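Take a look at the structure set out below.
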Amino acid sequence: MKKLYFFAFTLTIVLWVAACSDGKSTLPDDNSNIVLFQLTPSANGVEEFLEISEIKMLYQNEFCYNVTPQTISDEYGFQIFKLDQCCAGFLLYENEIYTLGEYFGGLGITSFAVADIDQNGKSELYFTYSWGSGIHRSLAGYFDTHNKEVVLFDYSYFNKDMVFVNENHSLSLYEADVDVKSFVDISLLQGEEKVGDIVFDSDKIQLITSQEANSG
């Protein structure tokens, strides 16, 4: 009888281990390596960037700034630049230049996150930005380092701004309280209202708003 109980117990353990190892584990993905940062203006690499990009200034007294913390550039190779009058933002990555969202009439790029949401081994660069001719709107997008393309989420948060938050190892967006010292020196603090989460679902990275999550 003892042998029978031991066999049944052993079989239970084996089945439990198999269920947890079949690729369908209910344990959440570990997105704990989410790095958040905001605009950090400096002159690092600006001259070289302007030579490569051949960007023409729209305003007479316009200047370009590198707004990337040096630690981010060293770790991930991202160099983000922003013009201080028209608010246009650009990414220099592996000697190629990409425009980061719209900017006319708004603040342009405002906050950032580095995370591997699709778990493909290559971290994406996420960014919030705002623009608006008459109506201020805040949006988010990301640079896909695997496909080398900028993807903009089809969602606008009107009349306010958004900021990234690492919420329980998930990348979330919240309403932001904004302090603008200049268009290249903007501080954003997390507000009370949650806007949504950035997730990998149906084989693509998506922004699921809180309204969609609650209605679903």
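Among the residues making up the range 139-169, those that are in a strand (DSSP E or B), more than 23 Å from Ser187 (Cβ to Cβ) and out of contact with any Leu (no Cβ under 8 Å at 6 or more places or on another chain) are Asp144, Glu149, Val151. A search for C-beta distances below 6 Å between a residue of the range 43-58 that is among the hydrophobic types (A, V, I, L, M, F, W, C) and any residue that is modelled with pLDDT under 85 and buried (at least 16 other Cβ atoms within 10 Å of the Cβ), counting only pairs 6+ apart in sequence or on different chains, returns nothing.
Take the range 82-118 and flag every residue that is on the phi > 0 side of the Ramachandran plot and in a loop (DSSP other than H, G, I, E, B). Cys87, Glu94, Asn95, Gly101, Gly105 - these are the residues of the range 82-118 that are on the phi > 0 side of the Ramachandran plot and in a loop (DSSP other than H, G, I, E, B). Scanning the range 119-138 for residues that are out of contact with any His (no Cβ under 7 Å at 6 or more places or on another chain) and not in a loop (DSSP other than H, G, I, E, B) gives Glu124, Leu125, Tyr126, Phe127, Thr128, Tyr129, Trp131, Arg137, Ser138.
Per-residue answers, yes or no, for (1) within 16 Å of Leu207 (Cα to Cα); (2) buried (at least 17 other Cβ atoms within 10 Å of the Cβ); (3) free of Cβ contacts under 8 Å to residues at least 12 places away in the same chain:
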{"residue": "Gln79", "(1), (2), (3)": "no, yes, no"}
{"residue": "Leu83", "(1), (2), (3)": "no, yes, no"}
{"residue": "Tyr98", "(1), (2), (3)": "no, no, no"}
{"residue": "Gly105", "(1), (2), (3)": "no, no, no"}
{"residue": "Gly121", "(1), (2), (3)": "no, no, yes"}
{"residue": "Tyr126", "(1), (2), (3)": "yes, yes, no"}
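Of all residues in the range 188-216, those being over 19 Å from Asn120 (Cβ atoms) and hydrophobic (A, V, I, L, M, F, W, C) number 5.
The values are calculated or read from the model by the stated rules, or taken from the named source; none is laboratory data. These numbers were taken from a predicted model, which means no experiment stands behind them. Cβ: placed from backbone, ideal geometry, glycine included. Neighbour counts: every protein chain shown.
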